[in-house]
Amino acid sequence: MYTLTESVLYNFSQLIYENLGIKLDETNQEMLKARLNRLMLKHNIETYKDYFNKLTLNKDTPIWSEFVDEITTHMTSFFREDGQFKFIQENINSITQINQRILQNNEIRVWSSACSSGEEPYTIGMVLKESLPDNVKIKILASDISNGIVQKAQKGVYPQEISQNIKPLLLDKYFKFKDNQYHISDEIKNVITFRTFNLMSDFPFKNTFDMIFCRNVMIYFDNKTQSNLIGKFYNFLPKNGMLFIGSSESLAKINHNKLKYVRPSVYMR
């Protein structure tokens with residue numbers, strides 16, 4: 001139906017790289033073609049050129065948001081890579097002692113920077129609720145580049161299958177089972193603020209974050225983009241603030257000299 005030439009592939013690949021930071025190559029051609037075709041067919045757009053022009057004309061449109069939703073990956077689950085959450089629970093006293101602003105301000109600030117459909121920030125919320133003294137206020141910013149997925153995350157409604165990843169005690173404490181679905185409790189919802197945000201943008205924050213989670217995102221970026229992103233994260237960590245990346249990711253090939261290695265996938269400023 002549509003012909004994806006090398007020049008057209010390059011144009012879309014550059015559009016994705018420059019705006020989303022995702023590096024595509026020849027191995028992604030069929031995936032990209034299938035997703036573009038699906039969107040073009042939906043909107044009765046006849047050529048890749050017409051679609052490309054619509055996308056580049058204005059980024060503040062539903063067609064651009066839909067494109068971003070289609071291109072980005074949203075694989076996640078509750079307590080994914082649980083070793084990191086066990087690390088937080090087991091070391092919460094030392095974490096709050098070396099990062100003194102937490103207990104001084106009775107507040108912990110956390111950023112789930114690629115929150116997808118919400119499982120990660122809700123997990124963080126539960127872990128911190130179970131670990132910290134009641135007088136420490138939990139503030140979690142949860143952001144994702146996809147507006148559609150952020151809206152889904154805000155609802156906090158999940159299928160029965162999540163019970164396989166959550167301990168029964170936490171499931172009973174922080175969820176309500178209704179209409180064959182699990183609804184996250186207001187106790188956890190109220191500590192999280194959801195926002196649509198592109199990690200390629202300048203960070204607009206006034207305050208630092210005691211913990212930043214950016215897991216299983218940088219695998220889609222090249223070394224230059226990874227290095228730039230780590231530099232921006234560094235600037236928004238206080239002394240002894242912590243960065244959590246995906247277990248399949250590494251900072252070995254990028255400049256991160258100022259970040260101290262704590263354990264696999266965990267670093268500290």
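Remarks
- Here is the list for the stretch 54-105: trypsin sites (Lys or Arg not before Pro) lying in DSSP coil, each with at most 16 other C-beta atoms within 10 angstrom of its C-beta, are K59.
- Global form of the stretch 131-199, assessed from the alpha-carbon gyration tensor, a/c cut-off 1.5: oblate
- Extension gain (nm, one decimal) between T5 and L171, 0.36 nm per residue minus Cα-Cα: 54.8 nm
- Efficiency of FRET between K178 and F205 - r from beta-carbon atoms, R0 35 angstrom, step 0.05: 0.50
- The chain: DSSP helices with Cα axial extent of at least 15 Å and average Kyte-Doolittle hydropathy no lower than -1.0: 6-20, 29-42, 119-131
- Cα-derived Rg to Rh of the chain, Kirkwood definition: 1.00
- Candidates S112, S94, S247: whichever shows maximal mean-square fluctuation once the chain is modelled as a Gaussian network with Cα springs under 10 Å: S94
- Approximate spin-label separation Q151-D82, in nm, with each point projected 7 Å along Cα-to-Cβ: 3.4
- Only alpha carbons enter this Debye calculation for the stretch 1-147, each as an equal point scatterer, and the log10 of I(q)/I(0) it gives at q = 0.15, 0.16, 0.17, 0.20 Å⁻¹ is -0.81, -0.86, -0.92, -1.15.
- Spacing of the two label points (7 Å from each Cα toward its C-beta) at F52 and Q160, in nm: 4.9
- The chain, helix-only ellipticity at 222 nm - DSSP H runs n ≥ 4, -39,500 (n - 2.57), divided by all residues, nearest 500: -12500 deg cm²/dmol
Rule-based calculations on the coordinates, nothing more; no lab input. Only a predicted model underlies this, so the values are computations on that prediction, with no experimental measurement involved. No Cβ is skipped: glycine too gets one built from the backbone with ideal geometry, and neighbour counts run over all protein chains shown.
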